[in-house]
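Chemist: Quick one: the structure is below, questions incoming.
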Amino acid sequence: MPQQTGHSAELTTDHAQTQLLPSCHIVTEPDLPSPADGPDRDAVGNAAPAVILVEGDAALAEMLEYSVRNTGHSVRTFKHGELAIEFLLDGFPSQEHPVVLLDLDLLGTEGFSALQQIANVRPGLRIIVLSAQGAERDQIRAIRAGAMDYLVKPLSIPVLIAKVERLLDDSDR
């Protein structure tokens, strides 16, 4: 049972003792879904969520997911590039056009080719690239590969949400 000691929590079991620091927030990765699990169960049937978040940094992913959900939109989060690419290419009906927040750095050296493949196979996706790489050449390359926008990390959550809302509003017209 957790016992409060000062500002930190202490958890003692028969096998181990773990101390959690006050500013520490532990995020555990859920079991990886099998391909048969399909899209997020927040969505109706096989419909795509309004926003698909692909972000490798667990803390940033949690903050972005919370921010998007707080605006009233459904979101599906991926923390693994391969699963995200599989879902983006064939995980929901082709007439669905969610906004994709894509951590290009998560995809590694193949990030630009994966972005181009996703944009070619699913041309209706509205992709916003999130990256720590701020060079103009990287931004231009991502736009040419199919991204609609490019935000450099660290990013402004209010600016990101405004861009997502704009893209979602444009799809309603």
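The values are calculated or read from the model by the stated rules, or taken from the named source; none is laboratory data. Just so it is clear, the structure is predicted and the values come from calculations on it, not from any experiment. Cβ: placed from backbone, ideal geometry, glycine included. Neighbour counts: every protein chain shown.
Chemist: Can L155 be described as out of contact with any Gly (no Cβ under 7 Å at 6 or more places or on another chain), of a type outside the set (F, W, Y) and outside any loop (DSSP other than H, G, I, E, B)?
Modeler: Considered against the rule, which asks whether it is out of contact with any Gly (no Cβ under 7 Å at 6 or more places or on another chain), of a type outside the set (F, W, Y) and outside any loop (DSSP other than H, G, I, E, B), L155 comes out as no.
Chemist: Surrounded by 17 or more Cβ atoms within 10 Å (Cβ to Cβ) and either under 16 Å from the mean Cα position of the chain (by Cα) or assigned to a loop (DSSP other than H, G, I, E, B) (or both): does that describe A142?
Modeler: no
Chemist: Sticking with this one: Go through (1) part of a loop (DSSP other than H, G, I, E, B); (2) touching a helix residue (DSSP H, G or I) at 6+ places or on another chain (Cβ under 9 Å) for P123 and report which single condition fails.
Modeler: Among (1) part of a loop (DSSP other than H, G, I, E, B); (2) touching a helix residue (DSSP H, G or I) at 6+ places or on another chain (Cβ under 9 Å), P123 violates only (2).
Chemist: Could you please tell me which pairs satisfy a Cβ distance under 7 Å, a separation of 6+ or placement on different chains, a first residue in the stretch 67-80 that is under 15 Å from L160 (Cα atoms), and a second residue that is of a type in the set (D, E, K, R)?
Modeler: From residues that are under 15 Å from L160 (Cα atoms), the pairs are T71/E165; V75/E65; V75/R69.
Chemist: Still on this structure: Could you say which residue among E86, E62 is part of a helix (DSSP H, G or I) and under 15 Å from L125 (Cβ atoms)? Lay out the reasoning, then the answer.
Modeler: Details: E62 fails: under 15 Å from L125 (Cβ atoms).
Sole residue among the options that is part of a helix (DSSP H, G or I) and under 15 Å from L125 (Cβ atoms): E86.
Chemist: List every residue pair whose Cβ atoms sit under 9 Å apart, with the two residues 6 or more apart in sequence or on different chains, where the first one lies in the stretch 105-130 and is farther than 19 Å from K79 by Cβ and at pLDDT 95 or above and the second, anywhere, is among the charged types (D, E, K, R) and not in a helix (DSSP H, G or I).
Modeler: Between residues of the stretch 105-130 that are farther than 19 Å from K79 by Cβ and at pLDDT 95 or above and residues that are among the charged types (D, E, K, R) and not in a helix (DSSP H, G or I), the close pairs are R126/D149.
Chemist: Do you know which residues across the stretch 86-115 are crowded, with 16+ Cβ neighbours inside 10 Å and over 24 Å from L60 (Cα atoms)?
Modeler: F92, E96
Chemist: Go through (1) within 24 Å of P123 (Cα to Cα); (2) modelled with pLDDT of 90 or more; (3) not hydroxyl-bearing (S, T, Y) for P93 and report which single condition fails.
Modeler: The failed condition is (2).
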